[in-house]
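**Student:** Here it is, the structure in full.
Just so it is clear, none of the values below were taken in a lab; they were calculated from the coordinates. In this text the structure is predicted, and so the values were computed from the model without any measurement. Glycine gets a Cβ as well: all are built from the backbone with ideal geometry, and neighbour counts include every protein chain shown.
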Amino acid sequence: MFGVPRGALCAVLVTGAVLIPAAAAPAPVIGTRVTEIVSPPGGAPPAGGPSDDTTYAQDTGVARDDPTGGPRPADHDVTFSQDNRKVRYVAYDSSASNLVAGDANGKRDVIVMKRNAPGTGQITGSLSLGSVSSSGEQGNGDSIKPSLDGLSTLGQDAVAPHCLTFQSQATNLSPADTSSDWDVYLHDLDSGRTTLVSKGRENATDGVVDGYCRRVSFAAGGRVWVYDVAQGTARRVGRGSHPDLQTNGEGVAFDRGGQVYYQPLSEHREKVRRSGGRQLVSNSATNAKRGGNGVSSDPNLDNDGVYVVFESTATDLCLSRCRGISEDRNGATRDVFRRTLRQSPSGGPDEMEMVSYDAGTDTQGDLQSDQVHVSGHGEQAVFRSFAKNLRDLKFDGPPSDGPFMHVYFWNFPRERGAGNLSGESKCCRTGEFHLADGRPAFSWSPAISNRGTFVGFTSREENESGEANGQAVPDAFVRFMGLSDE
């Protein structure tokens with residue numbers, strides 16, 4: 001039975017719309033929500049360098065195409081192993097050299113936190129370097145964007161995680177790579193073996209490992225590839241970028257020509273291959289065979305290829321289609337959406353939903369929302385938003401004109417049939433992350449664990465949740481969200 005989150009929440013540093021019930025209320029939560037720092041756990045000693053591979057000036061912080069302009073941030077800074085509610089591992093990238101003893105390469109590294117008490121809300125753990133060679137040699141180039149395996153699906157025991165992928169400019173992680181362009185690697189946390197996944201490809205990025213550690217998706221040369229771990233070979237899926245592999249490895253979503261597509265995968269003679277035709281995800285509500293009238297990108301898939309979330313500037317995705325909202329009220333401003341690729345388990349008509357819309361208050365974010373990630377069964381998602389109206393509704397900080405950059409949690413239990421938002425870039429149940437001078441702090445690069453038990457993100461906040469190194473050094477945080485029914 002699927003449902004709403006329950007239990008304590010904590011954060012740790014590491015027109016024609018489908019009608020919804022008028023009294024749709026936020027999901028009940030028992031206990032106290034708290035956030036803690038994980039770079040490092042407990043905040044001591046304070047990290048000597050920033051987490052995440054993009055930083056933001058306090059007054060101009062931003063993302064690609066956002067109101068203030070600027071570079072695209074890393075979407076996979078904090079990531080979680082996908083092993084049911086256990087979440088044995090958390091990973092993130094950082095340039096700090098004092099998080100792991102012996103870190104002497106002077107480069108950005110992927111940090112892996114092995115949790116002391118998996119299956120609980122505690123966020124403590126031990127840190128190690130994940131971006132190393134098979135002999136343990138530290139990378140001589142920057143390494144970013146970790147992805148962890150592990151699997152949690154109905155009717156199956158969770159698969160214990162042991163695989164980490166990341167992209168790196170290092171030239172000493174594999175004898176097969178001597179160039180300083182980006183490459184994608186697979187590191188076995190149990191055996192210590194590191195494998196070059198993108199052999200023969202130039203500037204490979206965005207590696208994602210599936211839950212079984214059987215396949216890794218990545219982008220290189222304007223193409224999407226899927227690497228077969230057992231065979232040691234990569235299969236080209238098609239033209240595209242920013243791929244994401246569903247947790248069971250049987251489908252991949254990606255950008256192409258300003259739209260989002262989904263390609264099912266199968267296995268033939270022990271080799272991965274495309275299975276059936278490519279499916280348009282970001283299609284217009286007025287013509288299912290045509291893409292939306294704006295740019296759609298950066299998909300993120302659930303466990304089984306039922307749901308995919310993405311961001312888009314299109315204004316025609318919800319017309320007489322999304323629950324509670326039909327006309328796009330903020331025009332071509334970027335929003336985040338969830339598309340149902342096949343019949344949902346509830347059988348309900350939820351082909352497309354606007355994730356940056358709060359059904360409980362009938363409010364769509366008035367400024368850009370992006371960086372969306374979905375939980376394993378698709379009922380929950382997290383995203384970043386600059387919206388002032390969402391900040392005023394979902395955070396009880398002092399009056400401010402902004403700018404704002406906050407992390408939000410979208411909860412869409414199937415039995416309720418409506419999505420409600422809560423603001424999560426804060427220490428406890430109330431307030432909002434802020435700077436020492438009282439201004440709202442920027443938080444970005446959100447992630448969500450497989451069952452929605454944890455939310456991770458990067459923030460510039462000061463003097464809360466174990467932070468002690470100031471706004472100039474962004475830190476990684478994890479927030480315990482309670483024990484979800486998902």
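**Student:** Where the centre of each part is set by its Cα atoms, how far does segment 80-102 sit from segment 351-406, in angstrom?
**Tutor:** When both Cα centres are located, 26 Å separates them.
**Student:** While we're on this one: Is the shape of segment 357-399 best called rounded, prolate or oblate, per the rule: a/c under 1.5 gives rounded, else a/b larger than b/c gives prolate, else oblate, with a ≥ b ≥ c the square roots of the Cα gyration tensor eigenvalues? Present the calculation step by step, with values, prior to reporting the outcome.
**Tutor:** Working: a/c = 2.03, a/b = 1.74, b/c = 1.17.
Here segment 357-399 falls in the prolate category.
**Student:** Next question. Treating segment 236-351 as a set of equal point scatterers at the Cα positions, no solvent, please give the Debye-formula log₁₀ I(q)/I(0) at q = 0.20, 0.22, 0.23 Å⁻¹.
**Tutor:** Treating every Cα as an identical point scatterer, log10 I(q)/I(0) equals -1.07, -1.26, -1.35.
**Student:** Is there a pair in LYS86/LYS145; LYS107/LYS199; LYS114/LYS145 whose C-alpha atoms are over 24 Å apart, and which pairs would that be?
**Tutor:** Working: LYS86/LYS145 22 Å; LYS107/LYS199 22 Å; LYS114/LYS145 17 Å.
Cα-Cα > 24 Å for no pair; all within.
**Student:** Could you compute the FRET efficiency for SER400 and GLN231, with r as their C-beta to C-beta distance and R0 at 51 Å, rounded to 0.05?
**Tutor:** Working: r = 55 Å, r/R0 = 1.07.
The calculated FRET efficiency here is 0.40.
**Student:** Size of segment 312-411 along its principal axes in angstrom, Cα-based, largest extent first?
**Tutor:** 43, 27, 22
**Student:** Order 383-390, 120-127 from most to least packed using the mean count of other Cβ atoms within 10 Å.
**Tutor:** Details: 383-390: 24.5, 120-127: 19.0.
In decreasing order of mean packing, 383-390, 120-127 become 383-390, 120-127.
**Student:** Further question: Work out the FRET efficiency for GLU137 and ALA117 from their Cβ-Cβ distance, taking R0 = 25 Å, and round it to the nearest 0.05.
**Tutor:** On the way: r = 31 Å, r/R0 = 1.25.
Efficiency, from the Cβ-Cβ distance: 0.20.
**Student:** Still on this structure: Report, in whole Å, the centroid distance computed from the Cα atoms of segment 196-218 and segment 414-442.
**Tutor:** Between the Cα centres of segment 196-218 and segment 414-442 lies a distance of 34 Å.
**Student:** Which of PHE386, SER422, GLY376 sits closest to the plus end of the dipole of segment 343-471, meaning its Cα is farthest towards the positive end, when Lys and Arg get +1 and Asp and Glu get -1 on the C-beta?
**Tutor:** Looking along the dipole axis, the top candidate is GLY376.
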